[in-house]
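The values are calculated or read from the model by the stated rules, or taken from the named source; none is laboratory data. Computed from a predicted structure; not experimentally measured. A quick note on method: Cβ atoms are made from the backbone with ideal geometry, for glycine too, and the neighbour counts reach across all protein chains shown. Note: accessible area is taken over every heavy atom of the protein model, side chains too, but ligands, DNA and RNA are not part of it. Shrake-Rupley method; radii C 1.70, N 1.55, O 1.52, S 1.80 Å.
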Amino acid sequence: MEELSFSEAGARLGLDNTPTSIVIQNLILVAAVMERVRELLGNKPIVVHSGYRAPDVNNAVGGVATSAHCFGRACDFVSSAFGTPAEVALAILKSDIEYDQLILEYGWVHVGLAQEGLPSRREALTKRSPRAAYEPGIRA
Ligand SMILES: [Zn+2]
């Protein structure tokens with residue numbers, strides 16, 4: 001929970017990133033998915049870059065307002081002990097782990113869960129740079 005609610009940008013800018021109780025419920029779901037991811041990656045260490053982002057923090061990092069991070073339903077992470085972000089994303093793609101969006105981003109992997117009551121789309125995308133468009137599939 002600490003890893004998923006800590007925001008480096010928030011801390012640097014003095015912004016509060018404390019999750020609300022609804023967000024905490026969502027982060028528990030994300031934590032369960034991330035446990036499955038860790039198991040999939042041979043229990044190698046996972047470093048979380050970003051989980052929950054409070055609205056002010058999300059604005060500060062230029063995040064999309066509808067981002068799953070704002071609801072505590074996403075995790076950006078790396079596992080350099082397992083491999084590159086592309087290798088991590090491909091492993092998740094081939095697994096039966098339930099996610100809504102799996103995105104290979106420029107330097108990390110984003111796993112997002114569907115909003116409550118909505119089916120998981122199991123959509124895989126690649127985003128090569130901050131301004132690049134999302135490309136379908138995981139493209140190393
Ligand atoms: Zn993300």
In Hz, Karplus ³J(HN,Hα) per residue of segment 25-40 (6.51, -1.76, 1.60; θ = phi - 60°; x = Gly, Pro): 4, 5, 5, 5, 5, 4, 4, 5, 5, 5, 5, 5, 5, 4, 4, 4
Whole-number accessible area per residue in Å² for the chain, which is evaluated in the context of all protein chains at 1.4 Å: 55
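If you scale each eigenvalue of the Cα gyration tensor by 5 and take the root, what three semi-axes come out for segment 37-138, rounded to whole angstrom and sorted largest first? Intermediate values should be presented prior to the final figure.
Numbers: eigenvalues 83, 48, 40 Å².
Over the Cα atoms of segment 37-138, the semi-axes work out to 20, 16, 14 Å.
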Heavy-atom accessible area order for HIS69, HIS49, largest first, 1.4 Å probe: HIS49, HIS69
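What do you get when you divide the Cα radius of gyration of segment 88-140 by 2.2 N^0.38 Å, with N the number of residues?
Cα Rg divided by the expected 2.2 N^0.38 Å: 1.10.
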Only Lys, Arg (+1) and Asp, Glu (-1) charged, at Cβ; the chain dipole about Cα centre in debye: 380
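What percent do you get for the relative contact order of the chain when only Cα pairs under 8 Å and 6+ apart count?
On the way: 268 pairs, mean separation 27.7, N = 140.
About 20 percent, as a whole number.
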Segment PHE6-GLU116, length gained on full extension (0.36 nm per residue, minus Cα span): 37.3 nm
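For SER79, what is the net charge nearby, where nearby means another residue's Cβ is under 11 Å from its Cβ and Lys, Arg count +1, Asp, Glu -1?
Values: positive: ARG38, LYS44; negative: GLU87.
Combined, the nearby Lys, Arg, Asp and Glu give +1.
If you roll a 1.4 angstrom probe over the protein chains with everything in place, what fraction of the accessible area of the chain belongs to carbon and sulfur, to the nearest %?
55
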Acute angle (nearest 10 degrees) that the helix 85-94 long axis makes with the longest principal axis of the chain, alpha-carbon atoms: 70
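Suppose we keep just the DSSP beta bridges with both residues in segment 25-129; what percent of those would be antiparallel, to 5?
On the way: 11 of 15 bridges.
Percentage antiparallel, nearest 5: 75.
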Charge dipole magnitude, Cβ of K and R +1, D and E -1 - segment 36-104, Cα centre, debye nearest 20: 120
